[in-house]
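The values are calculated or read from the model by the stated rules, or taken from the named source; none is laboratory data. Predicted model, so just to flag it, every value in this text is computed and none were measured. Neighbour counts run over all protein chains shown; Cβ positions are idealised from the backbone, glycine included.
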Amino acid sequence: MKSWTRREFGCLTGAALLTALRPRMALGKTKARVVVIGGGIGGATVAKYLAASATTIDVTLVEPRQVYTTCFFSNLHLAGLRPLEQFTHGYEALTRQYGITVVHESAEAIDPAAKTVTLNNGSTLSYDRLIVAPGIAFRDAALEGYDEAAMEIMPHAWNAGQQTKLLRQQLESMEDGGLFVLVAPPNPFRCPPAPYERASLVASYFQRRKPKAKILILDAKDSFNAQDLFQDAWNRHYPGMIEWLPAQFTGGVTAIDAKTRSVITAGATFKAAVANVIPAQMAGRLAQQAGLANQSGWCPVDPVTFESALQPGVHLVGDAIIGGDMPKSAFCANSQAKACAFAIAADLTGSARFPAHLFNTCYTYLAPDDAFSNAISFKPVDGKFKSVISFVSKVEESSEVRRQAARAAEGWYDAFTHDVFG
Amino acid sequence: MTGKLRNRRVFSTRPVARSAIATALVLLFSQSGAAVGADQGAQLAANCTSCHRLDGHDKGIPPIIGLGEERLTSAMLAYRASQSPSHIMHAIALSLSDEEIASVARYVAAQGK
């Protein structure tokens, strides 16, 4: 049985929930080895909840980065409202409080037959169960001319960090009266409301500092998430500043010319002062290499155990998976990760199984003091995630209700990141 | 004399000691036949912690620690009945059975003791 250190004893309040999740200890038995690849929201959550669920499970988390910067809330940095460091989290607590081994290397290959993972330093890790949380990758050649060099000129800022800072610097040094072009991706993509939240918060920055600037959204779609809420807010907060052009008007964005900082559609070329190009997406690189993704580019899974439909013994959580109504959000990744951890813990230790509950909640900013929220619950039905209950804020809500939501969003961020990394 | 006793009592139930007792009880239950209920409450409470902190240090989100089992149960039933004041809690409460609400309320209430 685990012996408590003084430090852990001091942390009991936070750890009490996790302690209660532990099933009976199998004394003297060799520990089951679980490897988690990817230390984003899904990967960090599944590692933490597995390690906490049973002392008989040995958890290794493979993540090349020393720290993780959340994509959610990074639009506040683009608006100049927060330093990005405020949204950056380390893995120390996962090691200190939950005994997780964090390996800062990248996983290069998976051998499902030998049950090993090869790391970029040449070493291999053996596993009894593998969980892959690879996040997203950009589709190759989705936009002609948008290569790695172009990303340094016209950033995507769709993985938070250096790209977010680059886009912020460009917005800051842009002259008043400049055109900010935002290229919004086709479905499905990470965080459906995020491109439009980004336009909203950048507009709030322009309104304060560059009131003659304009924002043009060139969309690959003909409609978007919570469109009525966004368009109502754009009319109220930023009249005349944001223009949204659906694919049916432009024919869609076909190419990028980084030299002239231009975005090219079927019928026109738009020259930007600053451009944010968010390309089409698919499951992360490792999922593609390891045969975990199907023709859609995403990874089908069993909605109860999160085991891959293509590779037995390998589980997936987070943005990379498909199979029904769950959007690609941090909240969904966190919710899936807990259900996956409990399913694997039950399998490995023989502990009781209970029906999992899957949820999504997103807080989205329309302005610094105007936010809306949604809430959806999901159930596994016929092998897919089915949305069963869904609510979203309404256009006619009072400004006080929206101010409260903006305050609640801050509290949610604090509790949520504590749940994942704390 | 009474005052001294009261002081000692206050001292003996300070938060760290109380949470240690709660944890010890939970550990005990989780290794006995009562594990099923305790574990289900703990698994359900994992949904709470996506938005609420179990150390009670919430900032801008209503805390759920220190409320007691009955108050948590009646709050969840009220959330289930109405979309106001929180459509988020309404969606969550609607997805839980009576037994699940009782189980998670029992578990979360025990964390505050």
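For the criterion of being over 27 Å from A:K394 (Cα atoms), among the hydrophobic types (A, V, I, L, M, F, W, C) and at pLDDT 50 or above, B:A78 fails. The criterion of at least 2 residues that are in contact (Cβ under 8 Å) with a residue 60 or more places away in the chain and more than 26 Å from A:N225 (Cα to Cα) is met, among strands (runs of 3 or more DSSP E) falling completely within segment A:310-390, by A:314-316.
Could you tell me whether A:A293 is away from every other protein chain (no Cβ under 14 Å), buried (at least 23 other Cβ atoms within 10 Å of the Cβ) and in a helix (DSSP H, G or I)?
Details: away from every other protein chain (no Cβ under 14 Å): yes; buried (at least 23 other Cβ atoms within 10 Å of the Cβ): yes; in a helix (DSSP H, G or I): no.
Criteria not met by A:A293.
Are any residues in segment A:305-364 acidic (D, E) and crowded, with 24+ Cβ neighbours inside 10 Å, and if so, which ones? Hit for segment A:305-364 is A:D319, nothing else. Taking segment B:85-105 as the range and being surrounded by fewer than 17 Cβ atoms within 10 Å (Cβ to Cβ) and closer than 22 Å to A:R353 by Cβ as the test, the residues that pass are B:S97, B:D98, B:E99.
Residues of segment A:391-422 that are among the small types (G, A, S), within 9 Å of chain B (Cβ to nearest Cβ) and outside any helix (DSSP H, G or I): A:S393, A:G422.
Inspect all residues belonging to segment A:107-115 and state whether any of them is within 30 Å of A:A343 (Cα to Cα), of a type in the set (V, I, T) and surrounded by 12 or more Cβ atoms within 10 Å (Cβ to Cβ). Yes, the conditions are met somewhere in segment A:107-115. Hey, which of the strands (runs of 3 or more DSSP E) in segment A:205-263, taking only ones fully inside, have at least 1 residues that are surrounded by 13 or more Cβ atoms within 10 Å (Cβ to Cβ) and among the small types (G, A, S)? Where strands (runs of 3 or more DSSP E) fall fully within segment A:205-263 and carry at least 1 residues being surrounded by 13 or more Cβ atoms within 10 Å (Cβ to Cβ) and among the small types (G, A, S), they are A:253-257.
Taken over segment A:133-171, the criterion of being touching a residue at least 60 places away in the same chain (Cβ under 8 Å), part of a helix (DSSP H, G or I) and charged (D, E, K, R) is satisfied by A:K165, A:R168. Residues that are within 9 Å of another protein chain (Cβ to nearest Cβ) and under 28 Å from A:I41 (Cα atoms) number at least 3 in the following helices (runs of 4 or more DSSP H) confined to segment B:44-113: B:87-94, B:98-111.
Among the residues of segment A:57-71, the ones that are in contact with a Ser or Thr (Cβ under 8 Å, 6 or more places away or on another chain) and surrounded by fewer than 20 Cβ atoms within 10 Å (Cβ to Cβ) come to 4 in all.
Taken over segment A:355-375, the criterion of being within 13 Å of another protein chain (Cβ to nearest Cβ), more than 16 Å from A:P303 (Cα to Cα) and of a type in the set (A, V, I, L, M, F, W, C) is satisfied by A:C362, A:A371, A:F372, A:A375.
Does A:V388 count as of a type outside the set (D, E), touching a Leu at 6+ places or on another chain (Cβ under 8 Å) and within 13 Å of chain B (Cβ to nearest Cβ)? Judged against the criteria, A:V388 is not a match. If you go through segment A:138-153 and pick out every residue that is within 21 Å of the chain's Cα centre (by Cα) and surrounded by 13 or more Cβ atoms within 10 Å (Cβ to Cβ), you end up with 4. Residues in segment A:322-343: is at least one touching a His at 6+ places or on another chain (Cβ under 7 Å) and either acidic (D, E) or more than 9 Å from chain B (Cβ to nearest Cβ) (or both)? Checked against the condition, which is being touching a His at 6+ places or on another chain (Cβ under 7 Å) and either acidic (D, E) or more than 9 Å from chain B (Cβ to nearest Cβ) (or both), segment A:322-343 yields at least one hit.
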